[in-house]
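The next block holds one structure in the form of structure tokens; read it before the comments.
The values are calculated or read from the model by the stated rules, or taken from the named source; none is laboratory data. The structure presented is a predicted model; accordingly, all values stated were derived computationally and were not measured. Cβ: placed from backbone, ideal geometry, glycine included. Neighbour counts: every protein chain shown.
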């Protein structure tokens, strides 16, 4: 159900961005406005980012196979990472263009720039509002949201630059504000890239402390000790755990296993577990062998 809601939100955001892209491109050719055509040129990156996120959700719904036993959930993480890295590429292009404009600031059609920026801001606010509800708990949705949000930040910056240039004729405002926008985009996309890499490196998911998981399992009746404990995320909201649990001598293995699985599911939302149960006597034997 959650995946269906996220998919529908992505479809709406994609539709809005695609319609605006074609409308802006058509208006640019109709009015012979280079400003409109140029602004439309960056819209495919947003449309592509949203389409990639939608494709990732579709892939994640495919069943597991003999070769991909965890299914295709990681495609969502790869899409989020790709979207984050694409933003860094765009920032690099912005910085390079701003550097050249410092030495020879061109005349900018400020009024046309303002119209384009205001329309772009409205479209991106609408798309961001649609995506906002689901972006906190899913990296793929966050990647799409950050792309749209970055574009909205760019529109705000363009409006500010346009107003400054209209009132003062100071064309250096354009590259200066562009650098500021690029810095904001880098800041907003850093956590997306970092969290995506964290999942791919199978780090302990955010919000889960490994020591707390260990202490929780060892507090369950019949569990003497836990070792070889690993917790990682397959994707944003699917956690997996593997561990060896030492059962007290005489303990009921089925009762202990049910207790561990129920506790992990209830307290940490970890539903995929692989737990090897061992007796204390076996643990002592292995310890003496070393």
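Of 146, 123, all but one fail to be under 30 Å from residue 203 (Cα atoms), modelled with pLDDT of 85 or more and buried (at least 21 other Cβ atoms within 10 Å of the Cβ); the exception is 146. Against the conditions (1) surrounded by fewer than 17 Cβ atoms within 10 Å (Cβ to Cβ); (2) under 30 Å from the mean Cα position of the chain (by Cα); (3) at pLDDT below 95, residue 210 satisfies every one except (3). Checked against the criterion of being part of a loop (DSSP other than H, G, I, E, B) and at negative phi, the candidates 181, 193, 217, 208 yield just one match: 208. Is it the case that residue 265 is surrounded by fewer than 16 Cβ atoms within 10 Å (Cβ to Cβ), touching a residue at least 40 places away in the same chain (Cβ under 8 Å) and not assigned by TED's automatic domain parsing to the domain that holds residue 70? So residue 265 does not fit the description; no.
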